[in-house]
1. Which of 94, 25, 137 moves the most in a Gaussian network model of the chain with Cα springs under 10 Å?
2. Can you tell me the relative contact order of segment 2-144? Whole percent, Cα pairs under 8 Å, sequence separation 6 or more.
3. Suppose R0 equals 35 Å; then what is the FRET efficiency for residue 1 and residue 23 from their Cβ-Cβ distance, rounded to the nearest 0.05?
4. What list of ³J(HN,Hα) couplings, whole Hz, do you get for segment 81-95 from phi and the Karplus terms 6.51, -1.76, 1.60, once you set θ to phi - 60° and write x for glycine and proline?
5. Compute the acute angle (0 to 90°) between the alpha-carbon long axis of helix 2-56 and the principal axis of greatest extent of the alpha-carbon atoms of the chain; round to the nearest 10°.
6. Once you have a ≥ b ≥ c as the square roots of the Cα gyration tensor eigenvalues for the chain, tell me rounded if a/c is under 1.5, and otherwise prolate or oblate according to whether a/b is larger than b/c.
7. What Kirkwood hydrodynamic radius, in Å, does segment 82-133 give when the mean of 1/r is taken over all pairs of distinct Cα atoms and then inverted?
8. Compute the distance from the alpha-carbon center of segment 1-50 to that of segment 87-147, in whole Å.
Amino acid sequence: MMVEVLVVASIITVSVLAAMAVAQKSVYVSRQALHNLEAGFLLEEGVEAVRILRDNSWDNISALSPATDYYPLFSGGTWTLSITPQTIGIFTRKINVASVNRDDSSGAISPAGTDDPGTKLITATVSWPEGGATPSKTLPFYIMDIF
């Protein structure tokens, strides 16, 4: 009789511990999914901020220094780019600008071509701390002087 009680208690204990482990993992995965979703929205917002800056004046984009981290900031009813790191909750969003070269004969983007001052390669990145690591999402895109 005592052995049966011990076996039942062991089975119940293992079952409860397994359920708790599954619940803990579920919470962790849900948090990761939420952070990925929020990072995606912030990434899209950063891209739109750069487009708004371009629409206001191409000088807002062409005057940016390559290899410098810029941080989008909504202030005074419009978007600006700051060199001071900005965080949104746990997220850090930054923008990098690179020059673009075009092939003289075909007009295609090519590393061997000449500099095209009317096109820039923008790389938007959102990063956040997660469980001792720093995951990030990155979106590179070209932006052109369309006006």
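Every number in this text was worked out from the coordinates using simple rules, so none of it is lab data. All values derive from a computational prediction rather than experimental measurement. So basically every Cβ, Gly included, is an ideal-geometry build from the backbone, and we count neighbours across all protein chains shown.
1. 25
2. It comes to 18 percent, rounded to a whole number.
3. Calculated value: 0.60.
4. Couplings: 10, 10, 8, 8, x, 10, 10, 10, x, 9, 9, 10, 10, 9, 10 Hz.
5. 10 degrees
6. prolate
7. 13.5 Å is the Kirkwood radius here.
8. 35 Å
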